[in-house]
Amino acid sequence: VPLYEEVNGKELTSFAAPKAIPIVGIPDSADGYEVWLFLDEVAQATPTMQNLASNIIDGKVGDHLIDMSRCFICAAANRAEDFAATFQMPKNVAGRIIHLNVETTFGEWEEWAISEKLHPFVIGYLKDHPSVFNEPVKEDVQVYGTPRTWHKVSAYMNAIGDEFFEDDGISLTFLMGTVGVASTAFWSFCRMARDKYSIRKIMAGEKVAPPEGHKDILFSLAVEATMLFNTWTEEVLNSTAYQRANGGQEQTAAYIKGLGKEKVDAINNAYIWFDAGLEGGVDPAFLVLL
């Protein structure tokens with residue numbers, strides 16, 4: 001097999017006969033790094049294509065060899081009961097794979113959703129209504145609540161802002177076409193949370209009565225407040241004044257000064273409001289989050 005390389009502008013030719021030619025990019029070109037090879041939607045491939053996948057799982061693609069010492073192969077697929085147009089997996093393919101069922105828990109999703117700044121109303125509502133977070137699949141139902149569809153709802157709400165609440169016809173139609181039967185209850189929750197409660201008013205020290213019996217609203221407000229606090233904090237921590245501060249008390253003083261009195265008061269007002277609202281026995285994790 002002729003191998004060509006260029007040294008100092010001069011083309012050199014050598015000849016070698018390796019036992020197997022490493023396949024380009026999998027993972028010979030990874031410069032020594034360990035590599036994941038991900039085969040997605042395996043069960044939606046035809047049995048013939050799945051048989052080809054079995055060779056890859058064995059570390060071979062024709063005459064090409066995969067460096068199995070630093071390549072981990074993982075596959076993913078929907079189950080037959082998910083009604084996702086899957087094919088029966090041939091036994092010779094299934095026998096080469098360790099099969100694991102992966103379930104999404106709300107706790108894990110919630111942590112991710114907060115870090116990714118999904119809409120607080122979506123997080124708060126699902127926190128108190130976990131039954132619609134990942135609903136069972138039904139053959140005759142096209143749309144229902146899943147982590148993916150609720151993410152879509154959040155993206156829509158974040159994208160259009162207040163317009164979401166100004167045209168209930170369009171917004172409710174969107175919700176019905178995205179999360180199905182959960183849409184009406186979620187829409188009512190959103191309207192109540194927006195019309196009767198405002199984190200801005202709370203942080204300004206205005207009198208806003210805690211939402212008795214509505215943990216979903218309390219949590220939504222806590223998430224919204226936390227996102228604001230995190231944004232303000234990141235701005236201060238990235239400032240030159242804070243980064244030049246020398247340790248402990250000096251950094252604390254620089255942090256408070258960087259926030260400014262208005263934001264410090266807003267944080268204190270929010271904490272006082274939530275503290276009063278928790279007297280009814282609501283999960284104290286709200287305050288931990290703040």
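The values are calculated or read from the model by the stated rules, or taken from the named source; none is laboratory data. A quick note: this is a predicted structure, and the numbers were derived from the prediction, not measured. When we count neighbours, we look across all protein chains shown, and the Cβ atoms used for this are built from the backbone with ideal geometry, even at glycine. What goes into the accessible areas is simple: the full protein's heavy atoms, side chains included, and nothing from ligands, DNA or RNA. Shrake-Rupley method; radii C 1.70, N 1.55, O 1.52, S 1.80 Å.
Per residue, how much accessible area does region 41-139 show when a 1.4 Å probe rolls over the protein heavy atoms, in square angstrom? Don't skip to the end; give the middle numbers.
On the way: 6230 Å² over 99 residues.
So region 41-139 comes to 63 Å² accessible per residue, rounded to a whole number.
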Looking only at lysines whose Cα falls under 23 Å of LYS91's and that sit 8 or more positions away or on another chain, we get LYS60
What ranking do 252-259, 69-76, 95-102 get when scored by the average of other Cβ atoms within 10 Å per residue, highest first?
252-259, 69-76, 95-102
Under 5 Å, built H, 5+ apart or other chain: amide partners of ILE73
LEU37
Ranking request for peptides 238-251, 114-127, 35-48, 183-196: highest mean number of other beta-carbon atoms within 10 Å first, then the rest in descending order.
114-127, 183-196, 35-48, 238-251
Quick check on my link table: of LYS117/LYS201; LYS152/LYS207; LYS201/LYS263; LYS127/LYS261; LYS117/LYS215, which ones sit more than 24 Å apart, alpha carbon to alpha carbon?
LYS152/LYS207; LYS127/LYS261
